[in-house]
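Note sheet for the following structure.
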Ligand code: AMP
Ligand code: MG
């Protein structure tokens, strides 16, 4: 028995049979996670993934792309198998969405090639999804939030965004490296395993001793590389737990400050936290407290939809396809530097 409504009034281009719920398959592969999600408008139908974990050091672009190329068929097969177990068939897939950027060029190209092949095979629409916007849309879907300020903190990206005049505008962002990458680099320098964010969180829980670090908020932007260097120096003479605690307190306070200012300036009253760093409990607590203090509501999706995942690409693909934002194969070139404010949001 299928457990979804099949009579939803979905408006879409390229619907071959409107009596069944349309499904979109989405492929994410901008960096470390190769992931395939299949969604209907109502729910997640299927989800499969394979994470690239570097043997040593951080993400190596060529190795990540090789990982994606090796695993893409298995991950797709698993996602389609799970979909079939729910009573659907490939005929129900009306569009193939993929992460077109931003991300690592080589990885993006593997994913784009797979998506193009599937769209041709199934004769369905192709949708190129901005990875950052996908984080936002899946967060809005999972949390039921309408018009939030978004704090998007992942490995390579760190931005504060909000919808205004037809686009997700970037109100503030990192001036150098992403927060996740800063945490990963610090972790690596002190011998912790990759990814470093969860390791730092684990150690930080053992301390409450704050050692001063630079605090670098500039207007609505922030910067992390100077703090990273200072934290590395501290780690030479202080217990690691104390440095991890101080590092978290500093960088999370910076993000909280900018997010609060974005709420104040725009007079929005919802905050949505997305991106892998968003899984951090201390960060969530700081943001929740800040929101409570100013009468705003705080949201963050379940962890599997906070980090990079295929479901976010599939769901955003569904929204985009319904508003006609599909692309012809010949224009589906990947864009490693794709910024979210380049996208006209036609589905809101
Ligand atoms: P994403 O690219 O959105 O999947 O995010 C990946 C980043 O999230 C990596 O840099 C991780 O170190 C970071 N991350 C994952 N879990 C945590 C955590 N609990 N605390 C802080 N950072 C985390
Ligand atoms: Mg991401």
So what is Rg over Rh here for the stretch 146-302, counting just Cα atoms and using Kirkwood for Rh? 0.97
Degrees separating the helix 225-234 axis from the principal Cα axis of the chain, which is the longest one: 50 degrees
Taking Cα atoms only, helix 281-293 is inclined relative to the longest principal axis of the chain by an angle, in degrees rounded to 10, of 90 degrees
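What number, rounded to the nearest 500 deg cm²/dmol, is the helix-based mean residue ellipticity at 222 nm of the chain, given -39500 (n - 2.57) per DSSP H run of at least four residues and division by all its residues?
Helix-only estimate at 222 nm: -13500 deg cm²/dmol.
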State the dimensionless ratio Rg/Rh of the chain (Rg: radius of gyration of Cα atoms; Rh: Kirkwood radius). 0.98
With a 10 Å Cβ neighbour count serving as the proxy for reagent exposure, in which order, fewest first, do 243, 190, 124 appear? 190, 124, 243
With an 8 Å Cα cut-off and a minimum separation of 6 or more residues, compute the relative contact order for the chain in percent. 25 percent
With the 8 Å Cα cutoff and a minimum separation of six or more residues, the stretch 146-302 has a relative contact order in percent of 27 percent
Acute angle (nearest 10 degrees) that the helix 61-85 long axis makes with the longest principal axis of the chain, alpha-carbon atoms: 50 degrees
Packing rank of 99-108, 327-336, 68-77, where each peptide gets the mean count of other beta carbons within 10 Å, highest leading: 99-108, 68-77, 327-336
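Please report the antiparallel percentage of the DSSP beta bridges confined to the chain, to the nearest 5.
The antiparallel proportion sits near 55 percent.
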What ranking do 152, 163, 305 get, fewest neighbouring Cβ atoms within 10 angstrom at the top? 163, 305, 152
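Every number in this text was worked out from the coordinates using simple rules, so none of it is lab data. For clarity, every value in this text was computed on a predicted model and none was experimentally measured. Counting neighbours? That spans all protein chains shown, and the Cβs are built from the backbone with ideal geometry, glycine included.
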